[in-house]
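The values are calculated or read from the model by the stated rules, or taken from the named source; none is laboratory data. These figures come from a predicted structure and were not determined experimentally. Positions of Cβ are backbone-derived with ideal geometry, glycine not excepted, and every protein chain shown enters the neighbour counts.
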Ligand code: PEP
């Protein structure tokens, strides 16, 4: 059975002073059973958030990592630097693909670095609006997943057993627009079909696929009602304890309903 996972991506928000208290508030507001909860603050606030979350069961994630293990990359953060601070790391977020020109191959290399450091990877993928409107949503996302994961495989150690994939239609991120639950589920099936071609049906069936894109406490139910969707990657609402509380409650109901009798 795949876990139900809710992940807050705080993006470039919070400071070292306010991140810890906010994380503690969210931990309290989301204290439900059988849901994996992850908070991804900016790098500078990881230590404060880790301290604040001690004993709560909420895990800490980073929002990015460099594709190289170390070297002359001014201002960058390596997987080894994250060791001990985080158990998860987002890679391939569409804002980084857009702003830093990240490629699928770099996303794959980042996953390799995370595996080496013992950090679980959460890989984002998603189509642009024009790709969806021209009927290329599925093929675009499948190509992203294939290229990134082939890069991981070419490093020689197969795909990690803790890989999570977040499907985030780019046009839905921070816009207030969401995909439909049915469209997200169709994409999750397509993603797993691609993963199955690379690593087999059993591996693909065990990979959690999250939906991301303007998820709120009101909209989350539509996504987690889909058996193919295992949770959410949450931006704006991930900074709001009341929103996270509603999302966690719905996630807990789904986890209970999915548990074998
Ligand atoms: C995200 O940052 O991954 C995201 C989905 O943002 P939002 O929920 O604000 O659309």
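Looking across 126, 174, one residue alone is modelled with pLDDT under 95, farther than 16 Å from residue 67 by Cα and touching a helix residue (DSSP H, G or I) at 6+ places or on another chain (Cβ under 9 Å). It is 174. Looking at segment 20-36, can you tell me whether even one residue there is modelled with pLDDT of 95 or more and within 15 Å of the chain's Cα centre (by Cα)? Within segment 20-36, one or more residues are modelled with pLDDT of 95 or more and within 15 Å of the chain's Cα centre (by Cα).
Would it be correct to say that residue 19 is farther than 20 Å from residue 231 by Cβ and surrounded by 16 or more Cβ atoms within 10 Å (Cβ to Cβ)? When the stated conditions are applied, residue 19 passes them. Tell me, yes or no, whether segment 165-187 has at least one residue that is in contact with a strand residue (DSSP E or B) (Cβ under 7 Å, 6 or more places away or on another chain), touching a residue at least 12 places away in the same chain (Cβ under 8 Å) and surrounded by fewer than 18 Cβ atoms within 10 Å (Cβ to Cβ). So far as segment 165-187 goes, no, none of its residues is in contact with a strand residue (DSSP E or B) (Cβ under 7 Å, 6 or more places away or on another chain), touching a residue at least 12 places away in the same chain (Cβ under 8 Å) and surrounded by fewer than 18 Cβ atoms within 10 Å (Cβ to Cβ).
Note on segment 11-34: residues that are part of a loop (DSSP other than H, G, I, E, B) and closer than 14 Å to residue 45 by Cβ amount to 8.
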